[in-house]
Amino acid sequence: MRNFFKGSIYISAFIIVLASIISCEEDFTDIGTSIIVNNKFSKNEVFLDLDIKPINLQGIDADKTGLEVERVGINLVNYRLGVYTTAKSKTIRSGFVTQLSLPSENLRTQQNGDTIFTLDKVFLKIPYKLDSVLGNKNALTKVKVYRNPTFLHKLNPDNLALRNTYSSGFNYNEKDEDLLTNSNFSFTANDIQKDINITFYRPDRSENTQSTDSIKDVLKLENARNEPVAFLAIPLDLEKMENLFWNEFENSQFKSEQAFQNYFRGLIVKVEGDDGALVPVNIADASQGQAALDFLYSKVVKKDTVITGSYSFPFKTDIQNNIYDVIEDAKLPSFDNDFLVQGLAGVSAEISILGVNLSSLDEDDPLLLYRDKDVDVNNYLDLKELASIRDIENNDFGLLANEATILFNINEELSSGIDVPNRLYIYSNNNEGRSPLHLSDSFSSNSFPTESSQQNVNPFGVISQLSDGQSGYTFNVTAYVSSLLNGSSEDFSPLVLKVFNPTDNPRIVGALNSVTSYSWDPKFVILHNGNDNNGLRKAQLKLSFTSKK
């Protein structure tokens, strides 16, 4: 009997403890995600206003020497040639600079016994991609080719332990004359769509090595699978290239890579004009067609046998840089109730979270009890002021974020179609001397789903159709806002919105790495700003939170 009562006491004690645990769990269910289920707490929803200002990008880090580029793969660096302009976006002129590598074969140009070498033509061959051409495909795009007077270093000359970098607006001081045969050389995107076999005329050396007669020939380019590749062939001035290259081939400056790089530091390819199209060019991936400077020659053997050939100087793919010309006195398009975001050296946007507009709240809104937290007396409770709503001594831990999203609606009357980027990216523009940082939400499990993950999960900042049938970009920033409200972060810096770049994927470059400002996607979109004139479609932060009653 004594054991029975003793067992009953143990059972009763266990039930009491279990009941206490259940009671605590009912009081605080899932504190980590701030979801409270009992009547001691209330769940509310509020909208925070945003102030949005344009960031006009004069130049960006556009080379391929960074660690982020190395991780994502240098072949994914996008180069474009041409002009992109619309009435609603910033005009961008795009070109590139590249070093050259020596040919694999011996360079022989001088007469050797019964063999006479003669230079026939010099072409710059640039493969391009038929997709993603933007702009006016019928407009002429004028091209210029210069000798680069500036030696491009992969490592920082002042500290060889650091990688070097070049802005897209870097001044190469190209003072050499244009290397083109025709200073008015131009192309249209429509004309080059089918340039797989390019017909040209070369001197007929069969009768006389100095003959002025011409014969028809065809220039081709193939990829690693021996498939024809479309390419742009730019003829260079024969006399200039003869003096710079051909007559020097058998001299010391062409005997080693180092000597050659010191002698000829590369090519600058630029465009002129305010109209045209941006054509994606492939100057980095040799497997898709080797971009190169080609010297086409004839060699006459024993005065009656003509053999044609070429010396090809391939582009040095690890030393290249995009060039985005800044157009002097150009003004950004302005919109009363909208703002522009554009890739390349276009426009980003600074997003400042103004906070909860106290004058817009209903009279019985519980947040009105915290007017005294508006320390800057601007009639807004910003995130820092909302984070100060706490009384730890009385177990009041302030506002607990359940869900926070920032929504940017697209002005579909001003931007639509192929010009609109598929993804934007938002990050913290830390203004305390540190590098900009990824938001923790950007590398959460649903931010960049793998192919095997759920397809109905919208990744961070992907364009999607909204509940009202319009399109926009939604950013889940719950972890970011929660960390500010609970005091685990004090980084209240403005956010920056830009066109997404592959190097922004934190799963590739590392969640703790800083964010880079550049984007290789030239597309643009016009979004509704935070003005009340946009009504329900204005840009704002929606916060669902729980607070103690």
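Where a number appears in this text, it was derived from the coordinates with a stated rule and is not lab data. All values derive from a computational prediction rather than experimental measurement. Note: ideal-geometry Cβ built from the backbone for every residue, glycine included; neighbour counts use all protein chains shown.
Odds and ends about this structure:
- In this structure, S211 and E412 have a Cβ-Cβ separation that, at R0 = 41 Å, corresponds to a calculated FRET efficiency of about 0.05.
- Dipole orientation for the stretch 59-325: of the candidates F254, I116, N226, N226 has the Cα lying most toward the positive pole (charges on Cβ; Lys, Arg +1; Asp, Glu -1).
- Global geometry of the stretch 206-269, whether rounded, prolate or oblate, following the gyration tensor of its Cα atoms and the 1.5 cut on a/c: oblate
- Across the stretch 128-225, the volume of the C-alpha convex hull divided among the residues equals 241 Å³ per residue.
- Shape box of the stretch 296-360 [Cα atoms, principal axes, largest first, Å]: 95, 27, 16
- Each of the peptides 403-410, 462-469, 416-423 was scored by the mean count of other Cβ atoms within 10 Å over its residues; in descending order, highest first, they stand as 403-410, 416-423, 462-469.
- Relative contact order %, the stretch 59-325, counting alpha carbon pairs below 8 Å whose residues are six or more apart: 40
- Computed over the Cα atoms of the stretch 59-325, the ratio of the radius of gyration to the Kirkwood radius (Rg/Rh) comes to 0.98.
- Among 279-288, 88-97, 518-527, the peptide with the highest mean count of other Cβ atoms within 10 Å heads the list, and the full ranking is 518-527, 88-97, 279-288.
- Spatially close Lys pairs in the stretch 253-402, defined by Cα atoms under 22 Å apart and a spacing of eight or more places or different chains, total 5.
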